[in-house]
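Beneath this line is the structure, given in structure tokens, with notes to follow.
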Amino acid sequence: MAKLKESEIEAEISPDEDTLEVPVADQLPAVREDESVRQIANRRSMRTYIYLPLIFLTVALLGGLRLSGTDGSFIFVRPALICLIFAAILLLLFFRAGMLRLDGWFTEEMTGTQTAANGLVLVSLFAAATQIFNSLIPEQGLTFWVVSFCFLWVLWNYLFAEFDPKRLLKSLGAMFGLAFVTKYMVLANLTAPGGRSWLRSIIENPAQEAATWLLDLPRFSAGTGYIQFFAVMLFLLGLFLTPSSTRTER
Amino acid sequence: MKEKYIHILGIVLTLGYGGLVAFLYAAEPRSLEEFTTKARSAVENIATKGTVVIGTYEVDAVRFNEGLAAFREDRFPAARDAFERADPEKRDARTQFYIAYSFYRQGWSRISNDDALFQLGVEAAERVRTIDPNFRTDDPGLVLKTPVELRTELEEGLKVTADDFNPLRVFRERK
């Protein structure tokens, strides 16, 4: 297009030749289309390489954050090994369901910087997935093993099911939602509040105190649930925004 | 913006933010104030390591003098704290020698030595020997001049011998 314009500009016009008025170069429909395609590609790149890692890393930051039930101080819980395994299975699921296409993220046609940027986006996705499991699986005790087993069961089944990206995202939303309700509503309501003396807790909340002791439930502040709800929502939003391929196709 | 620049910006942002997240989980601050303190100490630590890498590492003279003053006043924990701040990378033989000596003097007693402090002193003296095998202090106030002498004295103090039951031991002097 640019070459054609140059040849048009440079061609000599004889006085006898009929001339025709044409729009200036940047107003030509083809140029306008080219510009809008470039803007769309730029917006896509910004979304994939700037916003997505920011979303996923925020999830990675918040996923392990708890607020102490006694003084509200920060507690950063590092993920258990099983969370890494679940995150790896989840990534495998994304590729199986076509939510991510390997040839769309890594090809020989891509430049080195794009390959590195793509790799980092996937690493941030993995970190976020790990921390989401860290957020939704109880920290210790019997409940940790029960919920972990449920996650393993579901993910294992998903591995052999036929999925399309939309259905996978819905299923994951449902699974994470159920896990969230279990941990931050059911188990949190069974946990006795912290910062009280043992005797006072026994007298005021005998059932909660017994459940906390029997199930080995950690005492976190109610604010933890709000933070984790935000983290789960942000993770699902990140998954929704994740493109299956980063190759520019015209 | 060119697509390549977006890729580079993305890489820089991801690495920077990812580093911050990793730091938070490593440092585990309990509040925002603690985060600031830990971040400052981490930056100082990185800066010190940087000076070691580029070969401009120096002992903090002000803190060393504070440590020396505390050492001479027999305030050994304070002295060690100042010495450790003066030489955070444990690369200066003179500072490390004073640390080892402070363990000896604090742990020494006419009747029975503190084995735990003496053991720490042995480790510190060994560190001096590793840094500079020919180190010799020029401080006239120290009787034991080399790390080998200091280490031998500390090891003798750790052993239980028949001499330990000699009542005349109470008349011995700290070196």
Point to revise | Sole residue being hydrophobic (A, V, I, L, M, F, W, C), surrounded by 11 or more Cβ atoms within 10 Å (Cβ to Cβ) and in contact with a Ser or Thr (Cβ under 6 Å, 6 or more places away or on another chain), chosen from B:59, B:21 | key: B:59
Check your understanding: Of everything in the range A:124-148 that's modelled with pLDDT of 90 or more and out of contact with any helix residue (DSSP H, G or I) (no Cβ under 8 Å at 6 or more places or on another chain), which residue is nearest to residue B:10 (Cα to Cα)?
Key -> A:144
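So, in the range B:16-43, exactly how many residues are facing chain A (nearest Cβ under 7 Å) and either at pLDDT below 85 or at negative phi (or both)? Steps first, answer last, please.
At the first step, the residues of the range B:16-43 found to be facing chain A (nearest Cβ under 7 Å) are B:17-18, B:21, B:24-25, B:28-31.
From what is left, the residues that are either at pLDDT below 85 or at negative phi (or both) are B:17-18, B:21, B:24-25, B:29-31.
Going through the range B:16-43 one residue at a time, the tally reaches 8.
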Practice item. Given the conditions (1) more than 14 Å from every other protein chain (Cβ to nearest Cβ); (2) in contact with a helix residue (DSSP H, G or I) (Cβ under 9 Å, 6 or more places away or on another chain), report the number of the one that residue B:51 does not fulfil. Key: (2)
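Could you grab me the full set of residues in the range A:67-113 that are within 11 Å of chain B (Cβ to nearest Cβ), of a type outside the set (A, V, I, L, M) and either touching a residue at least 40 places away in the same chain (Cβ under 8 Å) or within 30 Å of residue A:226 (Cβ to Cβ) (or both)?
Keep residues of the range A:67-113 that are within 11 Å of chain B (Cβ to nearest Cβ), which gives A:67-68, A:71-79, A:110-113.
Among the residues that remain, those that are also of a type outside the set (A, V, I, L, M) are: A:68, A:71-74, A:76, A:78-79, A:111-113.
Matches in the range A:67-113: A:68, A:71, A:72, A:73, A:74, A:76, A:78, A:79.
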Exercise for review: Show the residue pairs that are 6+ apart or on different chains and have beta-carbon atoms under 6 Å apart, the first residue being within the range B:94-110 and more than 15 Å from residue B:81 (Cβ to Cβ), the second being part of a loop (DSSP other than H, G, I, E, B) and modelled with pLDDT under 95.
Suggested key: B:97/B:137; B:107/B:113; B:107/B:114; B:108/B:174
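The values are calculated or read from the model by the stated rules, or taken from the named source; none is laboratory data. These numbers were taken from a predicted model, which means no experiment stands behind them. A quick note on method: Cβ atoms are made from the backbone with ideal geometry, for glycine too, and the neighbour counts reach across all protein chains shown.
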